[in-house]
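J.: Below: one structure in structure tokens.
The values are calculated or read from the model by the stated rules, or taken from the named source; none is laboratory data. All values reported here derive from a predicted model rather than from experimental measurement. Virtual Cβ from ideal backbone geometry, glycine too; neighbours counted across all protein chains shown. Quick note on the areas: whole protein, heavy atoms, side chains included, nothing else; ligands and nucleic acids left out. Shrake-Rupley method; radii C 1.70, N 1.55, O 1.52, S 1.80 Å.
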Amino acid sequence: METKFLPESATRLSQAPVDYELCLSLDWLCKLRWIAGAGVIVATWLARLALGLNLAVVPLTLIGAGILGYNVLFTRWLNHLTCGLSGANIHARTQSRAQIAADWVAITLLIHYSGGIESPAILYFFFHIILATILLSGREAYLFAGLAIALMAGLAELEYSGWIPHVPIEGLLSTRLYDQPLYVSSTLFFFASAVIGSVYLATRTTSHLRKREDEIIALSQDLQRAYNRLYTLYASAQAVNSTLELQEVLDRLTHSTAEVMGVKACTIRLLEADGQSLCLASTYGLRDAYFQKGCLLVDQNPLVREVLAGKVVAVDDIATDTRLQYPVEALAEGIHAMLTAPLIGHSGPLGIIRVYCDKPQCFSEDDKAYLATVANHGSIAIENALAYAALQNLDEAKRKFILTVTHELRSPVGVVRSLLRTLTGGYAGALTKVQADMLNRALRRTDFLQTLIDDLLDLAAGKAGLRMDEPPQPVDLVPIVAQVVERHTIPADEKHITLTLETSSTPLMTMGVAGQFDRAFNNLVANAIKYTPEGGRVTVTLQAVEGQARLTVSDTGIGIPEEVQAHLFEEFYRAPNAKAQVKEGTGLGLVITKDILTRYGCMIRLKSAVGKGTTFTVTCPLT
Ligand code: ATP
Ligand code: MG
């Protein structure tokens, strides 16, 4: 997880690649020094043997050997340094100073034994001047340049005054120059000005490059930080949107926001129905005691009013800010700064999300933008969860309403039916043909009403978890299906529909309740007859297939359009072609059928083509 106080760490980290580069340069310098040391020895002996120059062979060879010797030490030292990208390496800086100082001394000795102020080796200083400006800071480069000038001037002075002997290269110069003040001083002047000029030019270039390098490092860190935040925002959005339970949405939001922003705590307060109090809905990282203070009151809290108006508001130092309702409690909890963003839904403010920091001045513009984004996507998730909760409540209310109303309707309808039966049966006296006809129509209507009430009651009770089921027991489906078909022979005859049954000759046992299976199969056969025009066919089969009992109810009826087949098992749904041809129907029969069948481990499928017919297939496990 990202750290909160990035500015310091960013500066610290920006040094790391520079130190890493320094280590690489030192390694490269050590490798070059092997060539330099060997070069001094080889050049000395070549000049002596091939050119016949009379050199101080022994001291120069010793200087070459000395360079190789101390290079062994530097190489070992360097191997012990950990030159990773992970932090500043103070030892690398110390070693770079030591290496340059050692080389300075070696070059001075080399110059001394190759003619002092007359030596062409004087130019070797410039390699190191450039190296020093690359490896060290500008100030140190000037210091080392001063040291080079001092070494050269000291050497020239000591030789000039005779404190140390002058060691000329015999045969190189025909005249002595080291004892000529004008030559010495002018050479020193040009040497010094060239050294200072080189350092100036080189440091200007390197400082410019270093600045750019720092900028690039800072930029890449910003990018990394932005990437981390985007990634965590995406992850938290996923977590928040993966549930519709309001409390879970809020808790995930506070948790992930606090973690991503690296802050002490995060809370969400939701606006109460009165629109005046913001009460705590979720908290992460704060003690319960802190919330004893209660809800925030909008009219007493100017800061909250500002936030609810749509602004992201930072309190950089709670000790000095006057806009808070409970500053003392906040300080006691160790909170020194707060950042608050509004949660705004489609219909207005929902509440606020607030992050807490244990230091003053701890939120940047980036943090503000980030919290605003979290608040935006959080608002959508909260609104969805609220809508879901409202829908659930509505659904529940609807079911309770259906349950109560149908329950209240059931007994009067039952009484009306039995009275009508008494009348149509002639038990209350003879009826005229017209009276009998009217009463029979009334009876059919109340029968339908009774079925509707039963369906609704069953459905509402089932979904509301109020149904008292009989325990399942082994039942034979063969007689149940036979009974259902038998029940429909008269209605089928009335419509001149050929109703046939092909059933297994052996029992087909499954676990369930006979009355419930009867009800489910009855709905399927009733539908088949209802939605098959006169002269059609309805075929019912019941067989054992692949270890299961398989019931099919096929008809040559109106069929079901393919595009609506997915809706058939939804409450109150009726296909448009069914509605157009058969007025009576609630659209509850199939829902109840499926509910019963799935309760006993059965499955229901359908195959249908408009104008050709429909087949419902039910499969139940055999015991
Ligand atoms: P009820 O609740 O009184 O049974 P219903 O028959 O309309 O009313 P369901 O039994 O749930 O309701 O059937 C839902 C819809 O499925 C029907 O309205 C009809 O559109 C379609 N349907 C069901 N069975 C058939 C069938 N055999 N042939 C054609 N359409 C059918
Ligand atoms: Mg039906």
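J.: Residues of segment 580-593 being within 12 Å of ligand 2 (Cβ to nearest atom) and either touching a Phe, Trp or Tyr at 6+ places or on another chain (Cβ under 7 Å) or outside any loop (DSSP other than H, G, I, E, B) (or both), which ones?
T.: If the condition is that a residue be within 12 Å of ligand 2 (Cβ to nearest atom) and either touching a Phe, Trp or Tyr at 6+ places or on another chain (Cβ under 7 Å) or outside any loop (DSSP other than H, G, I, E, B) (or both), then Val582, Glu584, Thr586, Gly587, Leu588, Gly589, Leu590, Val591, Ile592, Thr593 are the ones that fit.
J.: Going through Thr619, Thr598 one at a time, which residue ends up being surrounded by fewer than 17 Cβ atoms within 10 Å (Cβ to Cβ), among the polar types (S, T, N, Q), away from ligand 1 (no atom under 12 Å from the Cβ) and closer than 17 Å to Asn523 by Cα?
T.: The conditions single out Thr598.
J.: Pull up segment 550-579, narrow it to residues that are among the acidic types (Asp, Glu) and not in a loop (DSSP other than H, G, I, E, B), then point me to the one that is modelled with the highest pLDDT.
T.: Checked segment 550-579; the qualifying residue modelled with the highest pLDDT is Asp555.
J.: Right, another one. With the requirement that a residue be part of a helix (DSSP H, G or I) and open to solvent by 60 Å² or more (accessible area, probe 1.4 Å), what does segment 419-442 give you?
T.: Passing the criteria: Leu419, Arg421, Leu423, Lys433, Val434, Gln435, Asp437, Met438, Asn440, Arg441.
J.: Applying the selection to segment 548-561, what residues are over 20 Å from Met603 (Cβ atoms) and either more than 8 Å from ligand 1 (Cβ to nearest atom) or open to solvent by 40 Å² or more (accessible area, probe 1.4 Å) (or both)?
T.: Of everything in segment 548-561, those that are over 20 Å from Met603 (Cβ atoms) and either more than 8 Å from ligand 1 (Cβ to nearest atom) or open to solvent by 40 Å² or more (accessible area, probe 1.4 Å) (or both) turn out to be Thr556, Pro561.
J.: Specify which of the listed residues (Thr623, Thr598, Thr617, Thr532) is among the β-branched types (Val, Ile, Thr), away from ligand 2 (no atom under 15 Å from the Cβ) and at pLDDT 95 or above.
T.: Of Thr623, Thr598, Thr617, Thr532, the one residue that is among the β-branched types (Val, Ile, Thr), away from ligand 2 (no atom under 15 Å from the Cβ) and at pLDDT 95 or above is Thr617.
Residue-by-condition table, conditions (1) assigned to a helix (DSSP H, G or I); (2) in contact with a Cys (Cβ under 6 Å, 6 or more places away or on another chain); (3) β-branched (Val, Ile, Thr):
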site: Phe127; (1), (2), (3): yes, no, no
site: Leu143; (1), (2), (3): yes, no, no
site: Gly146; (1), (2), (3): yes, no, no
site: Met152; (1), (2), (3): yes, no, no
site: Thr175; (1), (2), (3): no, no, yes
site: Tyr178; (1), (2), (3): no, no, no
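J.: Out of all the residues in segment 523-535, is one or more of a type outside the set (Ser, Thr, Tyr), open to solvent by 50 Å² or more (accessible area, probe 1.4 Å), at positive phi and assigned to a loop (DSSP other than H, G, I, E, B)?
T.: Yes: segment 523-535 contains one or more residues that are of a type outside the set (Ser, Thr, Tyr), open to solvent by 50 Å² or more (accessible area, probe 1.4 Å), at positive phi and assigned to a loop (DSSP other than H, G, I, E, B).
J.: Of all residues being within 16 Å of ligand 1 (Cβ to nearest atom) and open to solvent by less than 10 Å² (accessible area, probe 1.4 Å) in segment 537-547, which is farthest from Ala578 (Cα to Cα)? Just the residue, please.
T.: The first filter runs over segment 537-547 and keeps only residues within 16 Å of ligand 1 (Cβ to nearest atom), leaving 537-541.
So of that shortlist, the ones also open to solvent by less than 10 Å² (accessible area, probe 1.4 Å) come out as 538, 540.
Working: Val538: 17, Val540: 21 Å.
It comes out as Val540.
J.: Going by the conditions given, is Glu248 acidic (Asp, Glu), over 22 Å from Leu371 (Cα atoms) and open to solvent by 20 Å² or more (accessible area, probe 1.4 Å)? Walk me through it before giving the result.
T.: Details: acidic (Asp, Glu): yes; over 22 Å from Leu371 (Cα atoms): no; open to solvent by 20 Å² or more (accessible area, probe 1.4 Å): yes.
No; evaluated as a whole, the condition is false for this residue.
J.: Moving to a separate point now. What are the pairs, 6+ residues apart or on separate chains, where a residue within segment 200-221 that is closer than 18 Å to Ile129 by Cα has its Cβ under 7 Å from a residue that is part of a helix (DSSP H, G or I)?
T.: Ala202/Ile130; Ala202/Thr133; Thr203/Thr133; Thr203/Gly138; Thr203/Ala141; Thr206/Thr133; Thr206/Ile134; Ser207/Gly138
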